[in-house]
Amino acid sequence: MAMPTSRESFQGGVFHASIPGGRSGATLSIARGELIADTIGEPSMRFSIPLNQCQIDLGGASGRMVFCRTKDGSLTIFCEERNFAKELDFQSGGALAAPLKQLKKGLAADANRFRFWLAISALACALLLFVGYFGVLWTAKTAIRALPVSVDEKIGSMAFSGMEMGRKLDANHPASRLVQEIVDKLKPHAAIPDLKFKVTVVEDADINAFALPGGQIVVFTGLIKEAKSAEQIAGVLAHEMSHATLRHGIERVSQSLGIVAAIQIMVGDVGGLVALGAQVAQTSILTSYSRASETEADLEGARMLNAAKIDPKAMADFFEMLKEKMGDLPDAMAWISTHPQHETRVQNIQNHEKKLPVIQYEPLLLDLKAAQDAL
Amino acid sequence: MQVDIRNRPSFANLRVQFQPGDRIIAEAGAMATMSSNIEMKTRFNGGFFGGIARRFLGNESIFVNEFSASSPGELVLTQPFPGDMICTELKGNTLFLQPGAFIACEPGVRMSLGLAGLRSWIAGEGLFRLKLSGNGRLWFGAYGAIFDREITGEHIVDSGHLVAYEPTISINVAMAGGIFTSFFSGEGLVTRVRGQGKIYMQSRSFDGLAAWTNSHLM
Ligand SMILES: [Zn+2]
């Protein structure tokens, strides 16, 4: 039976010690059961391997190169062309199909393993970034809480001096004196005993008050005018003082600055943190604290009022009064707008009040009317 | 055409001595000095788009220079980093070069840029590679010394040290040791080459230079 002869030739190469340099490109053909390689260039050399002695291998840079080797490995003929493997198998009467299939399977498994590790590595990198990011944030939050209160005070006073506000009332003004007296009465019961509370009355028609980090408290004349009793003002002040003693300001700053604050804390740049914190405080504290912070300030405020023998009910009353007035309060700058969810808050304060020590509340002996008339 | 590699191994450069009719193709920036009678023609390195791709993807020039002479003359070619150069002759076979390693070749050598693959990239051997095939001599350079090795089977090369390899060689990424050793030994990933054929390695790597420079910048 006549052996088939390949109709085509292929471009490939050959390794053999007799070739100068050990290798050469070659034109390959398959004839009479042999794989034949004619080297390119002058003089051309001919090498051949009987197909039935061909040790087949698959690989190379592309992973698609077919190698045919003699048993002793001294001669290798290789080719990357698409049809070469098929032709080789056809010419060998199907004898090379099984080993080729096996090799392809091995390469596919290898490729899958590579893809698997690639995916795992990508996932690990993402996880590391994720953990790293939140780890840094958590560390920063902890570190910020460990900062001395003096940092709060610096941020507060810097923010205060940089804020645009109406005319500040003189400390001797009846309204200033009234507010100061309430603060003095509440101060001994503050959670941070040596915090220097500083209260300022500012000429502004809005019914508003806010606390800056470190105990800077601002009360608008609008709020004093609208109050029905000195106790209601005390309620607002206790709430605002609680924001300061609970350090909500600096918490807010650390949330806003996030990773920046974390880096500043880590490199020990407290000065930079204060400057940035003051900016954040100016812009964000007026836009309200988180809901959890507000509830906390309500309850702590109620505790302070109770300890100062002022009825915490006044704080709830003030909320209720504002709620009723909401209809004709178009502006967003009112205290109520930065202190939302008032219904649940009134309820919360009243519930909390029941848990506080039962004491005889004393009315505040302050002349609210005189203060209001002086405005 | 007589070509010598001089000042080996640290500051190797090529001296090309032309006889009438000789031609050589060189990387665009490689010419250091030449006789006034040598003619220099700049052309796209493997076509316009191929050239652009090579520039952006493979860090090779868009252009190559073709030098020719109608009377005897001399040309000196250099590479931008200190290191050795090597000459190899293609006889219908192919060689893959790391981008940036190519210096010069004879006109019978064809150049094209190909994707080297994700594995090569992860191994620090570049996402692309220059494919040189055809007939003729070829010169390429390396950072530091160059040494070659005939591979049969498997061999490990530190990442960034592989300069050239034959298409009969497959490139794989591997970890130097276990995950732990790889992370803490500073060896990290290595290149695992497999197959039959020649590989060329450089004794230094650009990553190593970058790390060394960074450590002295602080
Ligand atoms: Zn509040």
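Could we say that B:Glu74 is more than 30 Å from A:Ala111 (Cβ to Cβ) and within 14 Å of another protein chain (Cβ to nearest Cβ) here? Please lay out each step first, then the result.
Numbers: more than 30 Å from A:Ala111 (Cβ to Cβ): yes; within 14 Å of another protein chain (Cβ to nearest Cβ): no.
No; evaluated as a whole, the condition is false for this residue.
When you look at A:Ser74, is it in contact with an Asp or Glu (Cβ under 8 Å, 6 or more places away or on another chain), within 13 Å of another protein chain (Cβ to nearest Cβ) and either part of a loop (DSSP other than H, G, I, E, B) or hydroxyl-bearing (Ser, Thr, Tyr) (or both), yes or no? Don't jump to the end; show me each part of the working.
Values: in contact with an Asp or Glu (Cβ under 8 Å, 6 or more places away or on another chain): no; within 13 Å of another protein chain (Cβ to nearest Cβ): yes; either part of a loop (DSSP other than H, G, I, E, B) or hydroxyl-bearing (Ser, Thr, Tyr) (or both): yes.
It is false that A:Ser74 is in contact with an Asp or Glu (Cβ under 8 Å, 6 or more places away or on another chain), within 13 Å of another protein chain (Cβ to nearest Cβ) and either part of a loop (DSSP other than H, G, I, E, B) or hydroxyl-bearing (Ser, Thr, Tyr) (or both).
When the residues of the stretch A:225-249 are narrowed to those that are of a type in the set (Ser, Thr, Tyr) and either assigned to a helix (DSSP H, G or I) or not assigned by TED's automatic domain parsing to the domain that holds A:Arg177 (or both), which ends up nearest to A:Tyr289 (Cα to Cα)? Spell out how you get there, then give the answer.
Going through the stretch A:225-249, the residues of a type in the set (Ser, Thr, Tyr) turn out to be A:229, A:242, A:245.
Add one more test, that the residue is either assigned to a helix (DSSP H, G or I) or not assigned by TED's automatic domain parsing to the domain that holds A:Arg177 (or both), and what stays is A:242, A:245.
Values: A:Ser242: 12, A:Thr245: 14 Å.
Within the stretch A:225-249, the match that is nearest to A:Tyr289 (Cα to Cα) is A:Ser242.
Checking the conditions here, which among A:Gly63, A:Gly106 is touching a Ser or Thr at 6+ places or on another chain (Cβ under 8 Å) and surrounded by 11 or more Cβ atoms within 10 Å (Cβ to Cβ)? Give the steps one after another, and end with the answer.
Numbers: A:Gly106 fails: touching a Ser or Thr at 6+ places or on another chain (Cβ under 8 Å).
Only one candidate passes the filter, namely A:Gly63.
How about the stretch A:274-287: which of its residues are within 16 Å of the ligand (Cβ to nearest atom) and either surrounded by fewer than 21 Cβ atoms within 10 Å (Cβ to Cβ) or modelled with pLDDT of 75 or more (or both)?
Kept after step one, since they are within 16 Å of the ligand (Cβ to nearest atom), are these residues of the stretch A:274-287: A:281, A:284-287.
A:Ser284, A:Leu286, A:Thr287, listed by residue number.
Which of (1) in the same structural domain as A:Ser242 (by TED's automatic domain parsing); (2) touching a helix residue (DSSP H, G or I) at 6+ places or on another chain (Cβ under 7 Å); (3) aliphatic (A, V, I, L, M) is the odd one out, the single condition A:Leu137 does not satisfy?
(1)
Could you go through the stretch A:328-345 and let me know if any residue there is surrounded by 14 or more Cβ atoms within 10 Å (Cβ to Cβ), more than 14 Å from chain B (Cβ to nearest Cβ), within 16 Å of the ligand (Cβ to nearest atom) and modelled with pLDDT of 70 or more. Give the steps one after another, and end with the answer.
Kept after step one, since they are surrounded by 14 or more Cβ atoms within 10 Å (Cβ to Cβ), are these residues of the stretch A:328-345: A:329, A:333-339, A:342, A:345.
Within this subset, residues satisfying the condition of being more than 14 Å from chain B (Cβ to nearest Cβ) are A:329, A:333-339, A:342, A:345.
With within 16 Å of the ligand (Cβ to nearest atom) added as a condition, the list becomes A:333-339, A:342, A:345.
Now narrow it down to the ones that are modelled with pLDDT of 70 or more: A:345.
Checking the stretch A:328-345: at least one residue is surrounded by 14 or more Cβ atoms within 10 Å (Cβ to Cβ), more than 14 Å from chain B (Cβ to nearest Cβ), within 16 Å of the ligand (Cβ to nearest atom) and modelled with pLDDT of 70 or more.
What number of residues within the stretch B:99-125 satisfy the criterion of being touching a helix residue (DSSP H, G or I) at 6+ places or on another chain (Cβ under 9 Å) and surrounded by 24 or more Cβ atoms within 10 Å (Cβ to Cβ)?
Number of matching residues: 1.
Does the stretch A:201-218 hold any residues that are in a strand (DSSP E or B) and more than 13 Å from the ligand (Cβ to nearest atom), and which are they?
Taking the stretch A:201-218 as the starting set, the residues that turn out to be in a strand (DSSP E or B) are A:201-202, A:209-212, A:216-218.
Residues satisfying the conditions are A:Val201, A:Val202, A:Gln216.
Cβ-Cβ under 7 Å, sequence separation 6+ or interchain: first residue in the stretch A:288-303 and at pLDDT 90 or above, partner in a loop (DSSP other than H, G, I, E, B) and within 11 Å of the ligand (Cβ to nearest atom). Which pairs?
A:Glu300/A:Leu246
Please work out which residue is surrounded by the fewest Cβ atoms within 10 Å (Cβ to Cβ), limiting yourself to the stretch B:126-146 and to residues that are among the aliphatic types (A, V, I, L, M) and more than 19 Å from B:Ala30 (Cβ to Cβ).
Checked the stretch B:126-146; the qualifying residue surrounded by the fewest Cβ atoms within 10 Å (Cβ to Cβ) is B:Leu127.
Give me the residue from the stretch B:85-96 that is touching a residue at least 60 places away in the same chain (Cβ under 8 Å) and crowded, with 23+ Cβ neighbours inside 10 Å and, out of that set, farthest from the other protein chains (Cβ to nearest Cβ).
Restricting to residues being touching a residue at least 60 places away in the same chain (Cβ under 8 Å) and crowded, with 23+ Cβ neighbours inside 10 Å, the top hit is B:Met85.
For residues that are part of a loop (DSSP other than H, G, I, E, B) and modelled with pLDDT of 90 or more, scanning just the stretch A:10-21, find the one that is farthest from the other protein chains (Cβ to nearest Cβ). Before the answer, list the steps.
We begin by selecting, within the stretch A:10-21, every residue part of a loop (DSSP other than H, G, I, E, B); these are A:16-21.
The next check asks that each one be modelled with pLDDT of 90 or more; those that pass are A:16-19.
Values: A:His16: 11, A:Ala17: 11, A:Ser18: 13, A:Ile19: 8 Å.
This residue is A:Ser18.
All but one of (1) out of contact with any helix residue (DSSP H, G or I) (no Cβ under 8 Å at 6 or more places or on another chain); (2) facing chain B (nearest Cβ under 10 Å); (3) not in a loop (DSSP other than H, G, I, E, B) hold for A:Ala61; which doesn't?
(3)
The values are calculated or read from the model by the stated rules, or taken from the named source; none is laboratory data. No experiment lies behind these values; they were computed from the predicted model shown. Reconstructed Cβ throughout: ideal geometry from the backbone, glycine too, with neighbour counts over all protein chains shown.
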